[in-house]
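See structure below.
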Amino acid sequence: MNCRFDNEIERKGTNSLKYDFAAERGKPADVLPLWVADMDFQAPLAVMEALVKSAQHGIFGYSESKQEYFNALQKWYFVNFNWEVQRSWLVKTPGVVFAICTAIRALTRKGDAVLIQQPVYYPFSESILKNERILVNNALVYSNGTYSIDFHDFEEKIIQNGVKLFILCSPHNPVGRVWTKEELVRMGDICVKHNVYVVSDEIHADFVYEGYSHFVFAGLKPEYLDRTITCTAPSKSFNLAGLQVSNIFIANKDTRNKLKEEITKSGYSQLNTMGLVACRAAYEHGRKWLDELKDYLAGNLEYTHNFLTENLPQIKLVEPQGTYLIWLDFTELGLNDKQLDELLVNKAKLWLDGGSMFGAEGTGFERINIACPRSVLGTALKRLEQAVRSIS
């Protein structure tokens, strides 16, 4: 296997949010950061070459995408997910969270209810509350080391609160569930029944482990397609988050126009020139790199599982079906949030994402990013082992 992912690349001093802003975020300067969804791997060579070629041209004026850009997207989603998109559906934004906030404003009014499934990616709740909507939570059910959906509660929450919009996380971040077709259809049918719009965040769709399949929610039924905003981006798959490019697909013309109008109100227009270049190159030439990366991540997951089983059995790994963000259950340690933070930050010298950020259901859990060289992951796990032993 190509071992390019074993290379440790120095990132300090590059204005990296992950590595250079510990002090600004209240952490010791010497913590090992495995928190934000930002991989420690260089992008595919074809992407770097395309960016260098664009930079050497030396003119960075306003840019737009042409047919070739859309062709790359269309092929990617058809080949990988059997979903055929049309060019008229495409709305480009600088990020998925930007698109979610815009959709909330476009499709709901202040005081309307928006449904999410916590513990879930924390910008979901921020997007709802900062836009003065009511957050409604269909909490995921944690049992026997995995998460499931309480469908009765899902529908009851929609009815009781008059929910107008549901933000779906698929695959789910942070619990790692890849929803089955049956689960998606049950949620979709309920949303159709009660006239609920769906924003489907599918940014982690390319990271699904062997034995599981990602289904594009909007592609399951025509009636889902008609009420869904599907959020995609190459940022997680190819480590391009800083280039700020996302591709949002909206089949319903009226819904699409509402979103575009809200984007116009925000003063935003064209994407970053380099983002367009990188996105096209990634989807056209990044397949082999991504396949190798997924093999490497599967190895990192196995390494983490074996290490915890052998050395820290009191910390449970919630087996992920997708994503490179791993959800760890620390509840057997019997620590509150403050004590757990003290253990990780000050004793283990690790910077992870605290579970309570993702909702009250995340208390006692931590999210760790395993998209790093295995040597770095090994260092982190050994630090964790030493810290836990110090309090046992």
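The values are calculated or read from the model by the stated rules, or taken from the named source; none is laboratory data. Computed from a prediction, not measured in an experiment: that's the story for all the values here. Here the Cβ positions follow ideal geometry from the backbone for every residue, glycine too, while neighbour counts run over all protein chains shown. Remember, those area values only see protein heavy atoms, side chains included, never the ligands or the DNA or RNA. Shrake-Rupley method; radii C 1.70, N 1.55, O 1.52, S 1.80 Å.
Shape call for the chain from the C-alpha gyration tensor, a ≥ b ≥ c root eigenvalues: rounded (a/c under 1.5), prolate (a/b greater than b/c) or oblate? Verdict is oblate for the chain.
The solvent-accessible area of L17, taken with every protein chain present and a 1.4 Å probe, is close to 80 Å².
Non-local lysine pairs in segment 83-198, meaning eight or more places apart or on different chains, with alpha-carbon distances under 27 Å, amount to 14.
Considering only DSSP beta bridges whose two residues both sit in the chain, what percent are antiparallel, to the nearest 5? Please list the in-between numbers first.
Values: 22 of 39 bridges.
Here the share of antiparallel DSSP bridges comes out near 55 percent.
I need the calculated FRET efficiency for the pair N82 and K253, taking r as the beta carbon distance and R₀ as 35 Å, to the nearest 0.05.
Working: r = 24 Å, r/R0 = 0.68.
The value I calculate is 0.90.
Shape class of segment 165-289 from the alpha-carbon gyration tensor: oblate, with a/c at 1.5 or above and b/c at least as large as a/b. Each part gets one Cα centre, and for segment 244-290 versus segment 104-118 those centres are 22 Å apart.
Sorting E182, E366, E155 by solvent-accessible area of protein heavy atoms yields E182, E155, E366, largest first, with a 1.4 Å probe.
Oblate is the label for segment 243-289, because the ratio a/c of its alpha-carbon gyration tensor axes (a ≥ b ≥ c) is 1.5 or higher and a/b is not greater than b/c. In this structure segment 218-342 gives 41 Å² per residue of accessible area when probed at 1.4 Å with all protein chains present. With all protein chains in place and a 1.4 Å probe, the accessible surface of segment 152-294 carries 46 percent carbon and sulfur.
For the chain, with a Gaussian network of springs between Cα atoms less than 10 Å apart, report the residue from G286, G267, G299 with the top mean-square fluctuation. Taking springs between Cα atoms under 10 Å, the residue moving most is G267. Given Cα pairs under 8 Å that are at least 6 residues apart, what percent is the relative contact order of segment 302-380? Averaging sequence separation for qualifying contacts and normalising by length gives 27 percent for segment 302-380. Gap in Å between the Cα centre of segment 25-47 and the Cα centre of segment 318-361? Between the Cα centre of segment 318-361 and that of segment 25-47, the gap is 17 Å.
Defining a contact as two alpha carbons under 8 Å apart and six or more residues distant in sequence, what relative contact order in percent does the chain show? Walk me through the numbers on the way to the answer.
Numbers: 687 pairs, mean separation 93.9, N = 392.
Computed value for the chain: 24 percent relative contact order.
Among 51-63, 120-132, how do they line up by average Cβ neighbours within 10 Å per residue, starting with the highest?
On the way: 51-63: 10.7, 120-132: 19.2.
Going from most to least packed, we get 120-132, 51-63.
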